[in-house]
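Let me begin by presenting the structure, written as structure tokens, before commenting on it.
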Amino acid sequence: MNFTRRRFLEASALALSSPLLGQVPGERPRQDAAVKVLNPRTRVPVSIIIDDSTCLVNLNKFAIPQFAAANPGKYDHYPWKSWPDEIPDSFVRKFADWADENGVKGKYSIVPYPACVGRLDRQIPGWTQRELADSIKLVRERIMPNWDIHPEMVTHTRIIDTKTGHPFTEISPRFMENWKWCGGRSVDEIADYMSYALTILKNIGLPCEGLTTPGGFGSDARPQLAQATFESCRSVFQTEIPHYFRDLHASGDQSVAPLVQNVSGLDSDDPRCVVHVLGCTGDWTGGWDCVTPKGADAFITEDGQRGRMVEVIKRGEPAIIVCHWTGIYWNGLEIGFEIFREVVKRLHSTFNHLHWMKLSEISRYWAAKELTRIELDATARFVSFKAPFACDEFTVDLPFKDGIPVLGGQSLEKVASCLNLKPGTWCRESDKTTICIKLAKGESRVSMQM
């Protein structure tokens, strides 16, 4: 059964008691307790969420006076007039070179109509059409291969009237993306707004599988936000597994594993879900507003023994750093970028079981992990899977201490240890067999042959 509007409203009411308001799990399949789904390749996913990025425009320079107009007195201390208008493409290229060299992946926002300066699919006053086209091309060719592109709504400042394309005349928290607009609005209204943002990026050849919320966008309409993400991504890009970033837990023991929400149709030709990806850190690299950063030690100390990333990695949950592009560039001083480089250097020197992944890859894995039906026949020595979504690095422990795993008539290749796992391989430790396979959508079976 599809996740109908009626079922959505009923589930939304129940979700109000959830730790994160709006967590509506939906359907779940049967999974035999003797078969354990592990992290991909038994490694810990790591990623970086970069917010407030766009093409050319230094977003905070133009956002702060609009924030100040909506909240008089709160932003008067920022010397925004002295900040540069632009974060140049030379810095984007420098960042991309470093990320590629170190295997770093994540999410990179492209605000489609940054601070109302101009639409990326039309023009940005202050820059030539050639400069804009070259900047978009740079994102497409150097960022997109290893980073998900998200719109961070439309402007990251004022709410746009999607019928006219202009900001609403009222300048208040009620008509700013970062604050109160979502409260009391329907799924259709929020999905229409998201679709407007996604369409601008589609117009410039930047496909998206998810969205990022600016500031408090959606915090008072979480059930609607999740469903609107699904509907807008499906409508504009036909995304199979839409995802979004809205929340983070920068301390404490609360899980930071992705939340697979609004699941329906697992036994149909149209399985549906949306994944809420959680960050695990605060922005300790300089913030959106170029404040004094906490520095690398907040993420991981030089000896690799302490820090938020260490805590989460040791728990085995996805460890996803949250930061802002404006703080990475830090008005040309690159303070946040220097912190990033040190954090990644420390992570790589401390841990040998990390797996850099895009948010869409993490989302797909968690959807497969939670939504694949798993049945064990211990006597006949096989495990059957029914997967609503394909997954390239699906990794599971099987309760067999002997035999060779076979998938689709093909024996998997044995490797020396779990750290050597890749799709099509297996290893054995004590009384269990660990396999890593390209899980196909639909039904498949792994049998143990003597």
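The values are calculated or read from the model by the stated rules, or taken from the named source; none is laboratory data. The structure displayed is predicted, hence computed values, not measured ones. Methodologically, a virtual Cβ is constructed for each residue, glycine included, from the backbone with ideal geometry; neighbour enumeration extends over all protein chains shown. Heavy atoms of the whole protein, side chains included, go into the accessibility calculation; ligands, DNA and RNA do not. Shrake-Rupley method; radii C 1.70, N 1.55, O 1.52, S 1.80 Å.
Results, tabulated for the structure shown:
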item	result
Filtered trypsin sites (Lys or Arg not before Pro), region 272-356: DSSP coil and at most 14 other beta carbons within 10 Å	Arg306
Peptides ranked, highest mean first, by Cβ atoms within 10 Å: ranges 112-118, 318-324	318-324, 112-118
Alpha-carbon Rg with Dmax, taken over region 192-344, Å	17.5, 54
Whole-Å semi-axes of the ellipsoid equivalent to region 275-413 (Cα gyration tensor, √5λ, descending)	40, 17, 12
Highest-first arrangement of 252-259, 55-62, where packing means the average Cβ count within 10 Å	55-62, 252-259
Beta bridges by DSSP in the chain, antiparallel share as percent, to the nearest 5	60
Fraction of accessible area attributable to carbon and sulfur, the chain (%, probe 1.4 Å)	49
Lysine pairs in region 67-164 with Cα atoms under 27 Å, if 8 or more residues apart or on separate chains	6
Where trypsin sites (Lys or Arg not before Pro) fall in DSSP loop in region 146-255, at most 12 other Cβ within 10 Å	Lys163
Point-charge dipole on Cβ atoms (K/R +1, D/E -1) for the chain, about Cα centre, debye to 20	540
Using θ = phi - 60° and Karplus 6.51 cos²θ - 1.76 cosθ + 1.60, couplings along region 210-216 (whole Hz; Gly, Pro as x)	x, 9, 10, 8, x, x, x
Residue-normalised accessible area of region 184-297, given per residue in Å² at a 1.4 Å probe	32
Fraction of antiparallel bridges per DSSP, region 177-322 only, in percent to nearest 5	35
Residue with peak Gaussian network fluctuation, the chain [Cα springs, cutoff 10 Å], from Thr379, Thr162, Thr199	Thr379
Helical mean residue ellipticity (222 nm; -39500 (n - 2.57) per DSSP H run of 4+; nearest 500) of the chain	-8500 deg cm²/dmol
Size of region 160-200 as Cα extents on the principal axes (Å, biggest first)	26, 21, 15
Answer label, with volume of the Cα convex hull per residue in Å³ calculated from the coordinates and candidates [x] 158; [y] 291; [z] 149	[z]
Contact order relative to length of region 20-172, as percent, for alpha carbon pairs under 8 angstrom and 6 or more apart	27
Paired Rg and Dmax values of region 70-160, which use every Cα atom, in angstrom	15.1, 45
For region 59-214: span of alpha carbons on each principal axis (Å, largest first)	44, 39, 29
Accessible area per residue, Å², region 35-132 with all protein chains present, probe 1.4 Å	38
